[in-house]
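The values are calculated or read from the model by the stated rules, or taken from the named source; none is laboratory data. Predicted, not measured: the structure shown is a model, and the values here were computed from it. We place every Cβ from the backbone using ideal geometry, glycine too, and count neighbours over all the protein chains shown.
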Amino acid sequence: MLILYNIEFEFIDMEYRVVAFREKIAWLTLVSMAAAYTLYFGLVLAGHPAGRAMAPMLWLFGSIALAQVIVVVAGTTLFAIRTPKEGRARADERDRSIDGRSTRIAYYILMTGMIVVGVIMPFADSGVRLVNAALLTLVLAETARHLVILLSYRRGWHG
Amino acid sequence: MAKPPFTNDIRTLRFLSGEMTQGELGDLVGVTRQTIAAIEQGKYSPSLEVAFRIARIFGKPLEAVFQWSGE
């Protein structure tokens with residue numbers, strides 16, 4: 001009986017090491033977002049016209065954002081097909097608690113960024129630079145949100 | 001992440017209840033398998049409602065499932 005008990009414990013640990021559906025989505029979103037917007041802001045910093053004119057900015061940002069959304073939707077669909085039960089499961093109290101925590105932290109980053117973009121930057125900058133700064137704030141807030149989600153699932157969160 | 005000031009015997013109770021899996025217990029309680037695993041490992045403190053539901057499934061009082069270990 002003791003042997004069975006130990007096997008069960010091992011099995012429990014193995015179960016936990018399987019990455020949960022919502023954690024996979026958070027990883028997918030975080031990695032795709034990091035890749036997409038590192039490319040976008042890298043090009044802007046390297047002198048791409050998206051850093052100076054509205055039309056190239058809209059075209060480049062729109063293309064990259066659309067590509068990232070397609071990757072996330074395709075990945076989510078694939079994960080849902082591979083683990084249909086988890087894909088259909090509604091968020092439980094732990095998922096909601098983690099989501100609330102991550103959104104709260106992202107909100108403060110977004111508010112700080114928007115104060116800089118909307119209140120401080122207009123004294124020195126205008127046009128596309130303001131828009132790009134606002135987009136950077138959005139990306140940073142979303143990145144922080146997904147990092148907090150991943151850390152909360154990995155290391156635990158007591159609500 | 002600090003451990004909560006209480007421990008639980010969910011693993012043992014699952015084993016004694018016909019080797020119930022985390023997924024089965026999660027389905028009965030209304031949470032995911034991962035949430036049951038997180039509670040067992042002290043990585044998540046369940047709400048009072050979920051704690052009572054777990055105890056009720058095992059037919060035990062709350063203090064037989066969760067034990068205060070803090071000061």
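Candidates in the range B:39-66 are the residues that are of a type in the set (Lys, Arg) and not in a helix (DSSP H, G or I); of these, the one that is farthest from A:Trp157 (Cα to Cα) is B:Lys60. Among the residues making up the range A:100-130, those that are of a type outside the set (A, V, I, L, M, F, W, C) and surrounded by fewer than 17 Cβ atoms within 10 Å (Cβ to Cβ) are A:Gly100, A:Thr103, A:Arg104, A:Tyr107, A:Tyr108, A:Thr112, A:Gly118, A:Pro122, A:Asp125, A:Ser126, A:Gly127, A:Arg129. Quick one: which of A:Arg17, A:Arg22 is at pLDDT below 95 and surrounded by fewer than 17 Cβ atoms within 10 Å (Cβ to Cβ)? Exactly one residue qualifies, and that residue is A:Arg17. Here the range A:135-159 is the region considered, the condition is being within 14 Å of chain B (Cβ to nearest Cβ) and in contact (Cβ under 8 Å) with a residue 60 or more places away in the chain, and the residue that is surrounded by the most Cβ atoms within 10 Å (Cβ to Cβ) is A:Ile149.
Filtering the range B:13-27 to residues that are more than 7 Å from chain A (Cβ to nearest Cβ), in a helix (DSSP H, G or I), over 11 Å from B:Phe58 (Cα atoms) and not charged (D, E, K, R) leaves B:Gly23, B:Gly26. When A:Phe41 is evaluated against the numbered criteria (1) of a type outside the set (Asp, Glu); (2) surrounded by fewer than 16 Cβ atoms within 10 Å (Cβ to Cβ); (3) in a helix (DSSP H, G or I), which criterion, by number, is the only one it fails? Of the numbered conditions (1) of a type outside the set (Asp, Glu); (2) surrounded by fewer than 16 Cβ atoms within 10 Å (Cβ to Cβ); (3) in a helix (DSSP H, G or I), the odd one out for A:Phe41 is (2).
Scanning the range B:3-38 for residues that are in contact with a Ser or Thr (Cβ under 8 Å, 6 or more places away or on another chain), under 22 Å from A:Tyr153 (Cα atoms) and buried (at least 19 other Cβ atoms within 10 Å of the Cβ) yields B:Pro4, B:Gly26, B:Arg33. The residue that is nearest to B:Pro5 (Cα to Cα), among those in the range B:28-50 that are facing chain A (nearest Cβ under 7 Å) and among the aliphatic types (A, V, I, L, M), is B:Ala38. Within the range B:37-49, residues that are on the phi > 0 side of the Ramachandran plot have Cβ atoms under 6 Å from residues that are at pLDDT 95 or above in no pair, counting only partners at least 6 apart in sequence or on another chain.
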